Amino acid sequence: MSETDRPLAPTPLQISAAVSRALRRAELTIDLAALEHNAGRARSAAAGRKIFVAVKADGYGHGAVPVAQALRGQVDGWLVATLAEGEALRQAGLTERILVLQGVMEAQEARRAAQRFLEPVFHHASQIDALGNGIAGLRLTAWIKLDTGMHRVGFRPDEFAAAYQRLSELRGLRERPGILTHFARADEPDEAPTRQQKSCFDQVTQAIDAEKSLCNSAALLRFPDMGGDWVRPGIMIYGGNPTLNGTAADWDLRPVMTLRSRLLAVRQVAAGDEIGYGGRFVAPERMPVGVVAVGYGDGYPRHAPNGTPILVNGQRTAVLGRVSMDLVTVDLRGIHAKVGDEVVCWGDGLPIDEVAQASSTISYELMCQMSGRVFRQIVKHGG
Ligand SMILES: *Cc1c(COP(=O)(O)O)cnc(C)c1O
């Protein structure tokens, strides 16, 4: 076979950062300086308590490994939902303590957890039943969840003592499992439901000498007297507003994630023209409209209504027409803009909470739903 007859091996598609930028698609910037700043805010609010930073769901869409690597040494451990999420952190060389919320469902999973020094949460009797004597010889560090009012997972106050006793007697566990609870309404202005959960927690666990953990971001910032040995902030670390009132900036939190794209087209539409699928926006006059290279295929919320804020060249304007998979159309009346200009969907200069609120969701969901198509870039210092 001559050189030219040889079938061509498929070449893997590789898109360099420079080429990807030239494609003018949506791009996600993760600012580690903002991340560290926010972790500092958590540290001062924690006032000596230890910190598990929530990095479940790939670090709320920011990348669990880069987030954890950046915050190593500044916090004390990581909070994940699943064993696999914990294993991925170990694989990446992270050695801090890791709390696994979903826990383990069988002895085999308990062995996996023990092998990687992951700390499962026991929240249901079936987990204790399933382990039985199948984990003798392990040195598993375990936690148990008390349901103080969320009514999702965790042992009820009246069944807690017996469950704690049974868990403590499992062979293969270190002594005195840690105890956690989770607040359902710490983000709301009314403090009463959270205070009630706290007093329930104290009543049930007061006599037990073990590590304890209560606070998510909202409780950490709003209830300095909640106590516990560990706190578990998530959203505040990423610069989302943890409370229903005010803004992230009021808490001195900075956006870590900025979703940017570019104007693909600028066009004039006539009065009466309908824009996009379903003609949801009808131009009231002859007007300029911008077409942005971002859509729900990137993670921009399809439910964003007409009027959702967006920045074009740093100028605040509004989404109009239905969001499609690859494109969003924006109002350019009174805006200086040309093809190729920068658009910020949220982050630097536009709080993600404003976009989330307009779209009837929360910042957490927008962060978590960034798609694999979005090019990612990690920077330090807002650049
Ligand atoms: C996700 C989670 C947290 C972090 O909550 P934020 O509101 O993001 O601070 C804390 N504890 C538990 C049990 C969680 O599931």
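The values are calculated or read from the model by the stated rules, or taken from the named source; none is laboratory data. Small disclaimer: the values here were computed from a predicted structure and weren't measured. Neighbour counts are summed over all protein chains in view; Cβ atoms, including those assigned to glycine, are modelled from backbone coordinates with ideal geometry.
In the set (1) modelled with pLDDT of 95 or more; (2) surrounded by fewer than 21 Cβ atoms within 10 Å (Cβ to Cβ); (3) small (Gly, Ala, Ser); (4) not in a loop (DSSP other than H, G, I, E, B), Gly149 fails one condition alone, (4).
Might you let me know whether region 234-242 holds any residue that is within 13 Å of the ligand (Cβ to nearest atom), among the polar types (S, T, N, Q), in a loop (DSSP other than H, G, I, E, B) and buried (at least 23 other Cβ atoms within 10 Å of the Cβ)? Scanning region 234-242, I find at least one residue that is within 13 Å of the ligand (Cβ to nearest atom), among the polar types (S, T, N, Q), in a loop (DSSP other than H, G, I, E, B) and buried (at least 23 other Cβ atoms within 10 Å of the Cβ), so the answer is yes.
Just name the residue that is farthest from the chain's Cα centre (by Cα) out of those in region 204-230 that are part of a loop (DSSP other than H, G, I, E, B) and more than 16 Å from the ligand (Cβ to nearest atom).
First, the residues of region 204-230 that are part of a loop (DSSP other than H, G, I, E, B): 206-211, 214-216, 223-229.
The next check asks that each one be more than 16 Å from the ligand (Cβ to nearest atom); those that pass are 206-210, 225.
On the way: Gln206: 32, Ala207: 34, Ile208: 32, Asp209: 32, Ala210: 28, Asp225: 25 Å.
So the residue we want is Ala207.
Yes/no per residue for (1) in contact with a Gly (Cβ under 9 Å, 6 or more places away or on another chain); (2) buried (at least 21 other Cβ atoms within 10 Å of the Cβ); (3) at positive phi:
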residue	(1), (2), (3)
Met257	yes, yes, no
Gly272	no, no, yes
Tyr277	yes, no, no
Arg280	yes, no, no
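Only residues that are out of contact with any helix residue (DSSP H, G or I) (no Cβ under 8 Å at 6 or more places or on another chain), crowded, with 19+ Cβ neighbours inside 10 Å and part of a helix (DSSP H, G or I) were counted in region 95-137, giving 2. Taken over region 250-286, the residue count meeting the criterion of being aromatic (Phe, Trp, Tyr) and under 27 Å from Gly372 (Cα atoms) is 1. Taking region 178-203 as the range and being in contact with a strand residue (DSSP E or B) (Cβ under 8 Å, 6 or more places away or on another chain) and either farther than 16 Å from His151 by Cα or within 13 Å of the ligand (Cβ to nearest atom) (or both) as the test, the residues that pass are Gly178, Ile179, Leu180, Thr181, His182.
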